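First up is the structure itself, then whatever we jot down about it.
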Amino acid sequence: MTSCFLSHATSDEEVLRAELVNDLERIGIKVFIAQRDIGGGDDWQNALRKSLASSQWFILALSPRSAESDWVAYELKCALEGHLSDRIIP
């Protein structure tokens, strides 16, 4: 199964789920969304790194809010430093 890591601003999540995530998951692509897939009490950075390591693609949802997000910047930095550097979809 193809898998991807979706990097986005939390405030954009509702729109992304309605317009992108549901469509991707309907055709069998597993989408990692931090707010949905990281459990309470989990180490956030460790969980992000594990998901990035197991993902085949990195989707960067660009918006004014994501451009200002420290977490989006961190996720992109990790993707660029890892095996996803040539598998980024903006």
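Where the accessible area of the chain is counted over protein heavy atoms with a 1.4 Å probe, how much of it, in %, is carbon and sulfur? Write down the numbers at each step before the final one.
On the way: 2880 of 5460 Å².
Exposed carbon and sulfur together represent 53 percent of the surface.
If you take the charge dipole of the chain about its Cα centre, with +1 on Lys and Arg Cβ and -1 on Asp and Glu Cβ, which of Gln35, Ile88, Ala61 is farthest toward its positive end?
Ile88
Nearest 5 percent is fine: what portion of the DSSP beta bridges confined to the chain is antiparallel?
Expressed as a percentage, antiparallel bridges in the chain total about 0.
Before I look further, what does the chain give for accessible area per residue, probe 1.4 Å, in whole square angstrom?
Values: 5460 Å² over 90 residues.
On a per-residue basis, the chain sits at 61 Å².
Could you give the spread of the C-alpha atoms of the chain along their three principal axes, from largest to smallest, in whole angstroms?
Projected onto its principal axes, the Cα set of the chain covers 30, 29, 29 Å.
Work out the length of the dipole vector of the range 22-75 about its Cα centre, built from +1 on the beta-carbon of each Lys and Arg and -1 on the beta-carbon of each Asp and Glu, and round it to the nearest 20 debye.
Values: 6 positive and 8 negative charges, 34 e Å.
My answer is approximately 160 debye.
The values are calculated or read from the model by the stated rules, or taken from the named source; none is laboratory data. Keep in mind that what you see is a predicted model, and the values were worked out from it rather than measured. Reconstructed Cβ throughout: ideal geometry from the backbone, glycine too, with neighbour counts over all protein chains shown. We work out accessible area using only protein heavy atoms, side chains counted, and drop any ligands, DNA or RNA first. Shrake-Rupley method; radii C 1.70, N 1.55, O 1.52, S 1.80 Å.
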